[in-house]
Amino acid sequence: MTTNDFSSAHRTPRPDLESSPSATVSAGPGPGPAPTELLRRLRARGAGDPVTHVERVPARAGVPAQWPSWAPEELRAAFTRRGVTAPWQHQAEAANLAYEGQHVVVATGTASGKSLAYQLPALATLLADPRATVLYLAPTKALAADQLRAVAALELEGVRPACYDGDTPRAEREWIRRHSRFVLTNPDMLHHGILPGHAQWSGFLRRLAYVVIDECHTYRGVFGSHVAHVLRRLRRQCARFGATPVFVLASATSGDPATAAGRLTGLPVTAVTEDASPRGGVTFALWEPPLLPRDTGSSAPVPPQATGEHDDLHQVRRSALRETADLLADTVAEGVRTLAFVRSRKGAEVVAANARRSLDDAVPGLGDRVAAYRGGYLREERRELERALLHGDLLGLASTNALELGVDLVGLDAVLICGYPGTRASLWQQAGRAGRSGQEALAVLVARDDPLDTYLVHHPEAIFGAPVEATVLDPANPYVLAPQLACAAVEAPLTPADLVLFGDGAKEAVDQLVAAGALRQRPTGWYWRHRERPEVDLRGEGGAPLCVVESSTGRLLGTVDGGSSHFLLHPGAVYLHQGVSYVVDDLDLADGCALVHAEEPDWSTHARDVTDLSVVSVRSYVDAGPVGMFLGEVDVTSQVVSYQRRRIATGEVIDTRPLDLPTRELRTVAVWFTLSPQSLASAGVQPADVPGALHAAEHAAIGLLPLMATCDRWDIGGLSTAVHPDTEAPTVFVYDGHPGGAGFAERAYGTASAWLRATRDAIAECGCETGCPSCVQSPKCGNGNNPLSKPDAIRVLDVVLANLPD
Ligand SMILES: [Zn+2]
Ligand SMILES: [Zn+2]
């Protein structure tokens, strides 16, 4: 029996549309209670206590430092005018290192003032050397625009900061290239515009003193691997012009930032991680919604596709959205200014709507004090929201993480975080919104019905202890390296020295490009042979997205990424778009579109696939007696073969219908472990239970991997089998869902025992009897979460952990 789990990259959120009257709503808003008292009242609402842990994060006094002696008076005065009277210790430390010429990454919390760490050395150098230039890279145009405002506000003579991105008018571009000495852009523009046009940029690149890479933790996975090579291409062009810029990187808090920054830039990087900025105290509660009673659990069932994850046959928890909506209503009713972070836009709207309804039920009109916020608002609209919150016209806001970047909200008393946002960095960034002018604040993390969330609310040390996740990227991915080398070859012929610069795998990739006729070797190097430049999209992956078109109107409803199109858009699929239900009439893969019509049938659809995996090569392995742990290349072949229709009200299966879709292939990197059948038998796993045991362990392991690397479970696939032809043993595979791998499986291999220990604990500690979405069920199982054996999964992992060295 073989089961597989890279069914779909179904990223549909879990809109939980049930209404949820709030338990207690006191009178109108007044001065809010203190955080501890507020938390006591929130906990007292229901029957059981949903709080699993309360962490008191103490206030911290800042550690100021002297201005560096090299910082000119003019620069100090400019900062002082903007209210910065002295740098904090970490800012000064990073600035000193960079000024001395060391590559440095400053990885500290939100609002710790990372900008000053690079602005100080960069601007001091621009003032001291009237020819020097600085290149600043941000992941988004909005962030670059914010930074431009900050630098421009310093009003320094001769710096002439300017944004250079897709929105920059043609007419201004030449002026910027010639005259700006502080250019703010993004990796895409560097890749598509600046590097191919290096001849026009030669004056700027020749004098380049600093490259600033802001929010560098966002360069992860395949995108991060592309950016790593774009930076190598930049270093190559600089070197041709005789420049060796210093790289200054700013990162959110993350595990091992020096290694990640080193991989990104290809340079040795020193990390500054000790945050010396001041902060107010926070009472941080971990909140686990209760399991619904089995009998009444589906009193108002929602379609599994709508909730995204539930199998109606299994026990579930009260949804985090309902819980968050109730908490928001309760805090607003207490007069507490509250921000609720919800992962999806739809989810934020549901939370706001439910909170409004509860409040209006209690005190008509009170619901008006709650709003939803989504990304994409105009600047003026954001300012208006900020104003309404500041003045208390608005008390509650439900938002996506759009607020993480670009909106300046202060003066909040409480932050509710609906579901673990994926990284500790984001968690702290969101929690960091609470606390006005250093006052005590409340933060609550509401766990979703998911193994990682469940693990975290029962393992507060994984949140409040040392940082665990590292930013992961893999510049050696041949699917990234080859196209990047092609781009580099267009910019200038590749030389043997370049192969060293581009690192592991570069020689093989060049040989491939030669064999494919893209490069020609001459005595002076490898030359690009074609007239056109190669088309390489830094963010593209999984094939082109498919368009979803309404047949009757020709209206484009949206797009679905290529990787999940077969799952979501097969003929007969019920497709939800912004809460409206459609049925797919035809999937035209050649044209890249699906034709749909609006219809609300009383069933949902669930695609099934079959996956085959074969081992191509083993990169590394650990032989641990009855247990083997491996890292290597694999070929994954999958085909969506059928779908089930299930009655929405009852979950009853109506029928299973066959599909005729082509197979798809993926060569990628996997981590896998094998166990001897004897070791499983001695651990008490009956042969008949082996498939369910491995399958359950695989699901939970995928769910917990984001604890180790900054990925989410949709980046990863899995397959487990009682005997695999290539390993000839019971095996669990976990693979990167991106061609060539993204570094996640490699990270899993490197931290295998910690990863599988957390997996084991998450399963063992879950309060359910036979497995639930909080432990061994997966929302994207290609086998309908069958078979699964929770107790045997623990036995499997115990065998692995007992044998595997730490
Ligand atoms: Zn469970
Ligand atoms: Zn599965």
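Numbers for the structure displayed
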read-out	value
Protein-only accessible surface order, largest first, of Val246, Val616 at 1.4 Å	Val616, Val246
Heavy atoms of Tyr99 accessible to a 1.4 Å probe, total area in Å² rounded to 10	80
Most positive-pole-ward Cα, Pro87, Pro121, Leu137, against dipole of the range 84-150 from beta carbon charges	Leu137
Distant-in-sequence amide H partners of Ala271 (H built 1.01 Å from N, under 5 Å)	Val105
Rg(Cα) / (2.2 N^0.38 Å) computed for the range 159-292, rounded to two decimals	1.33
Where Thr140, Thr524 fall by accessible area, highest first, once all protein chains stay in place (1.4 Å)	Thr524, Thr140
The range 54-131 - charge dipole about Cα centre, Lys and Arg +1 at Cβ, Asp and Glu -1, debye rounded to 20	280
Accessible area of Asp660 in the full protein assembly, 1.4 Å probe (Å², nearest 10)	140
Overall Cα dimensions of the range 635-783, principal axis frame, Å, largest first	42, 38, 32
Kyte-Doolittle at least -1.0, axis length at least 27 Å by Cα - qualifying DSSP helices, the chain	221-240
Where the chain is the region considered: accessible area per residue in Å², 1.4 Å probe	39
Whole-number percent relative contact order across the chain, with pairs defined as alpha carbons under 8 Å at least 6 apart	15
nm² value of the averaged projected area, convex hull over the Cα atoms of the range 716-782	5.7
Inter-centroid distance (Cα atoms) of the range 163-228 relative to the range 469-520, Å	21
Lys, Arg +1 and Asp, Glu -1 on Cβ, resulting dipole of the chain about Cα centre, debye, nearest 20	2520
Spherically averaged projected area of the range 211-276 from its Cα convex hull (nm²)	4.5
Antiparallel bridges, percent of DSSP beta bridges restricted to the chain (to nearest 5)	60
Principal axis dimensions, the range 681-733 - Cα atoms, whole angstrom, descending	35, 24, 14
Isotropic mean projected area of the C-alpha convex hull, the range 417-567 (nm²)	16.9
Stokes-Einstein D for the range 114-221, Kirkwood Rh over Cα pairs, 4 °C, 1.567 mPa s (µm²/s)	93
Taking the C-alpha atoms of the range 430-513, convex hull volume expressed per residue in Å³	211
Partnerless Cys - the chain, beta-carbon criterion under 4.7 Å	Cys163, Cys216, Cys238, Cys418, Cys487, Cys711, Cys781
Dipole axis of the chain (+1 Lys, Arg; -1 Asp, Glu on Cβ), positive-most option in Pro545, Ile763, Ala271	Ala271
Of all accessible heavy-atom area on the range 87-148, the percent that carbon and sulfur account for (1.4 Å)	53
Accessible surface ranking that places the most exposed of Met629, Met189 first, with a 1.4 angstrom probe	Met189, Met629
Positive-end residue of Ala228, Ala353, Gly419, charge dipole of the chain with Cβ unit charges	Ala228
Cα-based convex hull volume of the range 71-140 per residue, rounded to whole Å³	111
Cα gyration tensor shape for the range 506-629, rounded if a/c is under 1.5, else prolate or oblate	oblate
Net +/- balance of residues flanking Ala94 in space, Cβ distance below 14 Å, scoring K and R +1, D and E -1	-4
Computed helical MRE - 222 nm, the chain, DSSP H runs ≥ 4 contributing -39500 (n - 2.57), nearest 500	-10000 deg cm²/dmol
20 Å-binned pair-distance histogram of the chain (Cα, whole percent)	15, 46, 35, 4, 0
Percent accessible area from carbon and sulfur atoms, the range 558-701, protein chains only, probe 1.4 Å	50
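The values are calculated or read from the model by the stated rules, or taken from the named source; none is laboratory data. Remember, it's a predicted structure, so these values are computed and weren't measured experimentally. We place every Cβ from the backbone using ideal geometry, glycine too, and count neighbours over all the protein chains shown. Keep in mind that these areas ignore ligands, DNA and RNA; they rest on the heavy atoms of the full protein, side chains included. Shrake-Rupley method; radii C 1.70, N 1.55, O 1.52, S 1.80 Å.
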